[in-house]
Amino acid sequence: MASPNHHERTIRKILIANRGEIARRVIRTCRQMNINTVAVYSDADADAPFVREADETVHIGPAQAKSSYLDMDKIIEAALATGADAIHPGYGFLSENATFAEKCEQSGIIFIGPRAETIRLMGSKIEARKHMQQAGVPVVPGWDGHLESVEHALSVAEDLGYPLMLKASAGGGGIGMQRVENAEQLKKIFASTMQRAQSFFGDSTVFLEKWIEQPRHIEVQIACDRHGNVVHLFERECSVQRRNQKVIEESPSPFLDETQRKDLCETAVRGARQIGYENVGTMEFIFDGNSQNFYFLEMNTRLQVEHPVTEEITGLDLVEWQIRVAGGEPLPLSQNEVSKSGHAIECRLYAEDPRTFMPSPGTITTLTFPAQQEGVRFDLAVEEGSRVSPFYDPMIGKLIVHGRDRMQAIAKMEQVIAELQVKGITTNLELLAQVMQNHDFRRGEYSTQLLDRMTGGI
């Protein structure tokens with residue numbers, strides 16, 4: 001039987017299976033497209049701005065995510081009860097859950113994202129590596145097979161040569177990744193990494209990759225429809241990270257020349273075609289700062305947190321593209337109609353202590369914005385008086401700027417950080433200001449180790 005996703009269908013109402021700033025972001029585009037929205041919310045989010053802004057709301061349970069935002073059946077019941085045509089999963093939670101995508105389809109609801117089998121395929125880093133190699137996409141040198149035992153891992157490691165990365169195949173968000181310097185360390189961490197992978201992802205499979213010196217994390221935004229059209233929307237530089245989690249992203253990458261950019265973007269398109277991808281997605285690559293080679297890392301089969309930097313340089317609305325493609329429409333633009341201008345930077349605003357990176361929940365007593373100016377955008381989950389819950393990710397929003405060039409964008413971001421006031425909770429604003437003033441960052445000559453060096457590797 002043909003799936004309901006494969007006919008053109010008008011989407012009139014979308015349930016957003018998420019919370020916070022991404023829920024508000026989806027609501028904003030739906031309003032512009034005259035699409036009604038349904039927000040689902042937990043006890044902790046009853047007074048959140050996204051709940052007030054949606055056309056309809058459904059309470060789905062207690063604060064703990066597993067009993068609310070991760071409860072597939074409750075979310076699908078809410079969609080059916082409100083007559084939603086489609087579900088937008090945002091990012092995090094169920095956005096890369098193949099079973100959830102299948103359940104939506106079985107219920108006659110459009111899942112705004114790729115097909116379940118694609119999510120499943122790209123969810124296994126080992127399988128993703130194999131498929132990319134078939135498409136001629138370079139992958140980090142490593143061992144793709146299953147490591148059955150610590151003895152097996154030691155033998156493979158000996159062949160590859162240290163340093164290495166031990167990674168969970170089903171991992172994501174920097175979880176289940178460990179740098180390994182030598183055989184002794186591998187012996188020590190092998191079993192615990194497998195256990196961590198099992199407890200976080202329900203899959204204990206781990207594999208080994210070569211550690212890349214001076215790595216830079218660069219990704220390519222792609223968009224594909226079910227009519228065979230595939231385009232890239234240029235790249236994003238995501239190397240400012242803490243514990244393998246991105247903190248600051250920018251586009252274009254200050255590291256690439258035009259030849260490298262073209263090569264990288266065309267490689268990403270080739271990889272997406274190989275797996276018959278549909279909807280928007282991101283191909284993530286690691287650049288070796290020494291050899292200038294790039295390698296496929298993984299694919300994110302969803303909208304990225306950092307999608308606004310791409311929107312700012314292209315003038316496009318990626319959520320609108322997602323909705324149109326999910327409804328069966330062809331991509332709005334062909335590759336030669338996509339262009340970019342200027343430079344965009346995004347800083348993630350976290351409710352956390354920048355010295356320890358520990359979350360800092362509480363009530364926001366003051367939230368004062370800088371004077372409005374062109375090329376400055378705030379995608380926030382909160383407002384003055386909002387309570388930041390300890391139950392979810394501590395990111396409370398994103399500060400996004402667009403300038404005619406990189407130095408103007410940095411100057412705008414410095415001004416935004418200096419003038420934005422958030423009181424009542426601890427945030428990472430001071431750390432963001434330090435990065436903007438950092439000599440290596442300003443020169444565009446930094447790697448994923450920048451924050452570790454600045455903070456002493458907390």
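The values are calculated or read from the model by the stated rules, or taken from the named source; none is laboratory data. Only a predicted model underlies this, so the values are computations on that prediction, with no experimental measurement involved. Quick reminder, even Gly has a Cβ in these numbers, built from the backbone with ideal geometry, and neighbours come from all protein chains shown. Note: areas computed on protein heavy atoms with side chains; ligands, DNA, RNA excluded. Shrake-Rupley method; radii C 1.70, N 1.55, O 1.52, S 1.80 Å.
Structure data summary
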read-out	value
Qualifying residue in segment 392-402 (condition: open to solvent by 40 Å² or more (accessible area, probe 1.4 Å), modelled with pLDDT of 95 or more and aliphatic (A, V, I, L, M))	no
Candidates PRO308, PRO354, PRO254, PRO332 - the one that is open to solvent by 30 Å² or more (accessible area, probe 1.4 Å) and under 28 Å from GLU414 (Cβ atoms)	PRO254
Any strands (runs of 3 or more DSSP E) falling wholly within segment 151-236 and containing at least 1 residues that are of a type in the set (S, T, N, Q) and open to solvent by less than 20 Å² (accessible area, probe 1.4 Å)	215-224
Tally of residues being open to solvent by less than 20 Å² (accessible area, probe 1.4 Å) and within 11 Å of the chain's Cα centre (by Cα) across segment 292-304	5
Which listed residue is modelled with pLDDT under 95 and out of contact with any Gly (no Cβ under 8 Å at 6 or more places or on another chain), from ARG324, ARG261, ARG273, ARG355	ARG355
GLU414, sole failed condition from (1) touching a strand residue (DSSP E or B) at 6+ places or on another chain (Cβ under 9 Å); (2) part of a helix (DSSP H, G or I)	(1)
Output for segment 312-329, where each listed residue is of a type in the set (D, E, K, R) and either open to solvent by less than 50 Å² (accessible area, probe 1.4 Å) or within 16 Å of GLU235 (Cα to Cα) (or both)	GLU312, ASP317
So MET454, is it outside any loop (DSSP other than H, G, I, E, B), hydrophobic (A, V, I, L, M, F, W, C), farther than 22 Å from PRO308 by Cα and out of contact with any His (no Cβ under 8 Å at 6 or more places or on another chain)	yes
Within segment 1-96, strands (runs of 3 or more DSSP E) holding 3 or more residues that are farther than 20 Å from GLU278 by Cβ and out of contact with any Cys (no Cβ under 9 Å at 6 or more places or on another chain)	36-41, 56-59
Segment 335-351, residues that are more than 20 Å from SER253 (Cα to Cα), in contact (Cβ under 8 Å) with a residue 12 or more places away in the chain and either of a type outside the set (Ser, Thr, Tyr) or open to solvent by 10 Å² or more (accessible area, probe 1.4 Å) (or both)	LEU349, ALA351
Segment 125-150: number of residues that are under 22 Å from GLY176 (Cβ atoms) and in contact with a helix residue (DSSP H, G or I) (Cβ under 9 Å, 6 or more places away or on another chain)	15
Any hit, segment 245-258, residues being of a type outside the set (D, E, K, R), modelled with pLDDT under 95 and closer than 16 Å to LEU166 by Cβ	no
Subset tally (residues that are farther than 21 Å from PRO330 by Cβ and open to solvent by 30 Å² or more (accessible area, probe 1.4 Å)) for segment 267-285	0
